[in-house]
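One structure below.
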Amino acid sequence: MRGTILGYDAASNEGVITDSEGKRVSFARSEWKSTGDPMAGRPVDFDMADDKAVCVYALPGAADKLSLNGQDPARQATLFGIIALVCAVLTFFLGPLGIVTVIVAIVFGTKGKNVGRGLADKTGYQLSVVALVLAAIALLIIILALSACASIVGLTKGFGAWL
């Protein structure tokens, strides 16, 4: 039979499929046979046994497009991680002006880490954590560079004023 996933709860590992006739059928995560996680709105093919969906497969091509509205969390987390990593590395080349890219790296790194935290594919999570570490190092360097410039100009009394 063919249908569409109406909803899936990762906490209980259960979901609901609406078949082509509009009937709702439940399925367990153990019956999911495709890669990735079941997601609401994904077209599927399945068999019926004891009023439950079994052998649930995502239809080919249904999950190939990149979606930023939460329909594919693994790709979304990976994209956020890549953006954060690029911005964090770019910060090292921009010097003190890199404060803008370090903020972007922190925002996207945090989003990628949060989206990718509970997924089976940890790529986005790991990219985001690496980006956050690089962004923290870059932010520390920027703060030290700005403090050094300010003390040279005479705006502060150096690091001793903070102690």
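Only the coordinates and a few stated rules stand behind these numbers; no lab work does. Note that the coordinates shown come from a computational prediction; the quantities given were computed from them, not determined experimentally. So basically every Cβ, Gly included, is an ideal-geometry build from the backbone, and we count neighbours across all protein chains shown.
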key: Least to most buried among VAL100, VAL44, VAL129 (fewest other Cβ within 10 Å first)   = VAL100, VAL129, VAL44
note = A student applying the Cα gyration tensor rule (rounded when a/c is under 1.5; otherwise prolate if a/b is larger than b/c, oblate if not) would label segment 2-58 rounded
task = Step through the residues of segment 39-49 one at a time and calculate ³J(HN,Hα) from phi using the Karplus curve (6.51 cos²θ - 1.76 cosθ + 1.60, θ = phi - 60°), rounding each to whole Hz and writing x for Gly and Pro.
result = 9, 4, x, 7, x, 9, 10, 8, 10, 10, 8
task = For each of SER34, SER26, count neighbouring Cβ atoms within 10 Å of the residue's Cβ, then give the residues from fewest to most.
result = SER26, SER34
inquiry  = As a footprinting exposure proxy, order LEU134, LEU140 by other Cβ within 10 Å, with the fewest listed first.
reply    = LEU140, LEU134
key: Between helix 73-94 and the chain: long-axis angle, C-alpha atoms, 0 to 90°, nearest 10   = 10
ask   = For segment 8-23, in order, what is each residue's ³J(HN,Hα) by Karplus, 6.51 cos²θ - 1.76 cosθ + 1.60 with θ = phi - 60°, in whole Hz (x at glycine and Pro)?
value = 9, 10, 5, 5, 9, 6, 10, x, 10, 10, 9, 7, 5, 9, x, 7
query = Quick one: length gained pulling ASP121 to SER151 fully straight, 0.36 nm per residue minus the C-alpha distance?
reply = 6.1 nm
inquiry  = Ignoring everything except DSSP H segments at least 4 long, calculate the 222 nm mean residue ellipticity for the chain; use -39,500 (n - 2.57) per segment, divide by total residues, nearest 500.
reply    = -15500 deg cm²/dmol
